[in-house]
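The structure appears below as structure tokens.
The values are calculated or read from the model by the stated rules, or taken from the named source; none is laboratory data. What you see is a predicted model; the values in this text were computed from it and never measured. Virtual Cβ from ideal backbone geometry, glycine too; neighbours counted across all protein chains shown. All accessible areas refer to the heavy atoms of the entire protein, side chains included, with ligands and DNA or RNA removed. Shrake-Rupley method; radii C 1.70, N 1.55, O 1.52, S 1.80 Å.
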Amino acid sequence: MTDRQPTARDLARATTRTRITAAARARLTEEGPAQLSLRAVARDVGLVSSAVYRYFPSRDDLLTALLVQDYDELGAEVEEADAARDRTDVGGRWISACRAIRTWSITHPGDFALLYGSPVPGYAAPPETIEPATRATLVLVRIVIDAMTGKDLPDCRVDPVAGDPGDVVAGAVAYIRSRGIAEDAPPEAVMRTLMAWTAVFGTVSFELFGHYVGSVDDHERYFDLVVERLAADIGFAASASASD
């Protein structure tokens, strides 16, 4: 039994849906997520608002579709950057993955604002956004676990600091284990990854929203220096210059 082939109607519907999401993403850049309007998007694609509602019954449905699409795009870019490196090159994987985050983000500032900017008033992301949202972060988790467990970097030295983070990051540890990334994910690895994840996206956010004006001249080089230091804090070496 063969899979059902898409009909002309299916293809037309998919094309229209793509046009709607593309117009919505353009408005994210121009106006910001909080200002997104189905009526405005409908005008951009030459449709009456009632036609757009057949694809996205509400603004929240459109926002959810955009979140899933953006998270998946970002996650795919980071996964590809990690996979392009030899698995034993933990430092190179780290630099490549972090750079992929920055590259996608500065190329899609409106989408970044939707994912990591101020919450949209009246909107709460539904559960179906969780899986796509974790894709980029899980790449960083895998790299850190590989480094900390010594599987790929035998000389890695990580000394846990005072204060067991197990209770604090128990939810994240459970999620990582449920995904089969590590049967015994060290809470310290998860803690340090969360700290680094926050710093990576915070650095990108400061760049995009102009908070480094007057203090940082070369954003790309500054970002590389940040992620090098984050790796060192976790316990492994990562050289941006060696990864060029």
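Quick look at the values:
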read-out: Where a residue in the range 5-30 is within 19 Å of residue 47 (Cα to Cα) and its partner, wherever it lies, is assigned to a helix (DSSP H, G or I) and of a type in the set (S, T, N, Q), with Cβ under 8 Å and at least six apart; value: 21/69; 27/35
read-out: Matching option when the condition is surrounded by fewer than 17 Cβ atoms within 10 Å (Cβ to Cβ) and at pLDDT 95 or above, among 76, 34, 97, 26; value: 76
read-out: Residues of the range 10-49 satisfying the condition of being among the basic types (Lys, Arg) and under 25 Å from the mean Cα position of the chain (by Cα); value: 17, 19, 25, 27
read-out: Count of the range 173-191 residues which are touching a residue at least 24 places away in the same chain (Cβ under 8 Å) and not in a helix (DSSP H, G or I); value: 5
read-out: Of all residues in the range 100-153 being charged (D, E, K, R) and over 17 Å from the mean Cα position of the chain (by Cα), the one that is surrounded by the most Cβ atoms within 10 Å (Cβ to Cβ); value: 146
read-out: Qualifying positions in the range 229-244 - in a helix (DSSP H, G or I) and either at positive phi or touching a helix residue (DSSP H, G or I) at 6+ places or on another chain (Cβ under 6 Å) (or both); value: 230, 231, 234, 240, 243
read-out: Subset of the range 1-23 that is open to solvent by 60 Å² or more (accessible area, probe 1.4 Å), in a helix (DSSP H, G or I) and among the polar types (S, T, N, Q) - its residue that is nearest to residue 111 (Cα to Cα); value: 18
read-out: Tabulated pairs, the range 34-56, first under 23 Å from residue 119 (Cα atoms), second of a type in the set (Ser, Thr, Tyr) and surrounded by 14 or more Cβ atoms within 10 Å (Cβ to Cβ), C-beta under 8 angstrom, 6+ apart or interchain; value: 38/53
read-out: Selected residue (only one of 178, 205 is under 22 Å from the mean Cα position of the chain (by Cα), surrounded by fewer than 18 Cβ atoms within 10 Å (Cβ to Cβ), polar (S, T, N, Q) and under 20 Å from residue 94 (Cβ atoms)); value: 205
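For (1) farther than 17 Å from residue 36 by Cα; (2) in contact with a Leu (Cβ under 6 Å, 6 or more places away or on another chain); (3) in a helix (DSSP H, G or I), each residue gets a yes or a no:
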{"site": "47", "(1), (2), (3)": "no, no, no"}
{"site": "56", "(1), (2), (3)": "no, yes, no"}
{"site": "61", "(1), (2), (3)": "no, no, yes"}
{"site": "64", "(1), (2), (3)": "no, no, yes"}
{"site": "68", "(1), (2), (3)": "no, no, yes"}
{"site": "74", "(1), (2), (3)": "yes, no, yes"}
{"site": "77", "(1), (2), (3)": "yes, no, yes"}
{"site": "81", "(1), (2), (3)": "yes, no, yes"}
{"site": "88", "(1), (2), (3)": "yes, no, no"}
